[in-house]
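Asks: Got a structure for you, written out below as structure tokens; questions coming shortly.
The values are calculated or read from the model by the stated rules, or taken from the named source; none is laboratory data. Quantities reported herein were computed from a predicted structural model and do not represent experimental measurements. Note: ideal-geometry Cβ built from the backbone for every residue, glycine included; neighbour counts use all protein chains shown. Ligands, DNA and RNA are excluded from the accessible area calculation, which covers all protein heavy atoms including side chains. Shrake-Rupley method; radii C 1.70, N 1.55, O 1.52, S 1.80 Å.
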Amino acid sequence: MSVRRVVPIAMRLSWLVLIALAIGEFVTDLPGPGWATTLLPALVVLALMVATMSLQARAAAPRGEPGPPVEVAPPVTGRWKALNSPADKVPSHGTHAYGQTYAIDIVAEPETAEGEAPGRPGAGPATRPQAEPATRPQAEPAPRPEAGPVTRPAFRLFWPVVRRNRAFPAFGAPLLAVADATVVVASDGQRDHLSRNSLPALAYLMLAEAPVRSIVGAHRIIGNHVILDLGGGTYAVYAHLRRGSLRVRAGDRVRAGQGIGRVGNSGNTTEPHLHFHLMDGPDPDAARGVPFTWRGVGVPANGETFTVVEPEERGGQPTEERAEKQAGRPTEQQAGRPVEGRAAGS
């Protein structure tokens, strides 16, 4: 086992020891001086945390000049806005860790955000002219979007402190495979928490929740997720998916445009959105980021909106709901079945 893997494990074990010692101080009179039972373990944990972050950054940092971006299809349809885009800075999220050097976050913007003038969403430019992507073949029709809000709630200073996920148009939006690929990781057991889009909730996320998730490991940072092997040493990561929404499992083959899950609010998030990036290995703890570009869209900049038409509008195969109607079968909603597995945790 490499040093890069041993150090994080040692850090987590040290945290457990420190917590046990802290509890012991209140429950019983531990032998020895206080500095040996509290201060010294705390310093060990701090040193291991610094070493872990340093090793992760060094391991994930790009080597030499980046290669040309890998072109893949967009993972969504509809109108979206980009946040934390590699078009504006690299690393886009302020770190190379978890292979997210060229990562991007996108939020659904079906109309305009709350309190903004029509035609000028956010602080970014107007909607980019829509390009006509190539038709994507589908092994399985993509799921239909769920009925939801048509505007995205704005960030508030104090109230409401949190919002339910159904208040955000991105929550439950279908996610599509960006290329023909093999599923290597499929995990959707974590809960969808309430939003963190107010000042008190954001402070809680940054000062309490995020550090704990970082200590536990990458899977708690990215939440429910899918990793696809696109071939040629390139892997696509979809993070923060909705609990119980996955339509694939590890080992499955998927086609470009196939529905694989839905947007959620699991992991280290402020609101329902999709975090997407490419990397050069299947393990986020060991991989380096790979540049990407979305066919017909490019790489939208921070605050920029873009629109991707649905497959049937491009002359592709019909979506699942339309295909069922054409075959004379009841849709999932008509049959009384939920659109996806478990309900969100919030």
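Asks: Is at least one residue of the stretch 216-225 under 28 Å from residue 110 (Cβ atoms), of a type in the set (Gly, Ala, Ser), touching a residue at least 12 places away in the same chain (Cβ under 8 Å) and assigned to a strand (DSSP E or B)?
Replies: No, there is no match, as no residue in the stretch 216-225 is under 28 Å from residue 110 (Cβ atoms), of a type in the set (Gly, Ala, Ser), touching a residue at least 12 places away in the same chain (Cβ under 8 Å) and assigned to a strand (DSSP E or B).
Asks: Could you list, ordered by first residue, the pairs with Cβ atoms under 7 Å in which the first is in the stretch 191-208 and of a type in the set (A, V, I, L, M, F, W, C) and the second is in a loop (DSSP other than H, G, I, E, B) and open to solvent by 80 Å² or more (accessible area, probe 1.4 Å), at least 6 apart or interchain?
Replies: Close Cβ pairs satisfying both conditions: 194/164; 199/157; 199/158.
Asks: Given (1) among the acidic types (Asp, Glu); (2) at pLDDT 95 or above; (3) not in a strand (DSSP E or B), where does residue 209 come up short, assuming only one miss?
Replies: All conditions are met except number (2).
Asks: Next question. Give the number of residues within the stretch 233-246 that are touching a residue at least 60 places away in the same chain (Cβ under 8 Å) and part of a loop (DSSP other than H, G, I, E, B).
Replies: The qualifying residues number 5.
Asks: Another question about this same structure. Would you confirm, using the coordinates I've provided, whether residue 195 is under 16 Å from residue 264 (Cβ atoms) and among the polar types (S, T, N, Q)?
Replies: Values: under 16 Å from residue 264 (Cβ atoms): yes; among the polar types (S, T, N, Q): yes.
When the stated conditions are applied, residue 195 passes them.
Asks: Still on this structure: Any chance the stretch 196-217 includes a residue that's among the basic types (Lys, Arg) and closer than 22 Å to residue 169 by Cβ? Break it down stepwise before answering.
Replies: Taking the stretch 196-217 as the starting set, the residues that turn out to be among the basic types (Lys, Arg) are 196, 213.
In the following step, the residues that additionally are closer than 22 Å to residue 169 by Cβ were identified as 196.
Yes, because at least one residue in the stretch 196-217 is among the basic types (Lys, Arg) and closer than 22 Å to residue 169 by Cβ.
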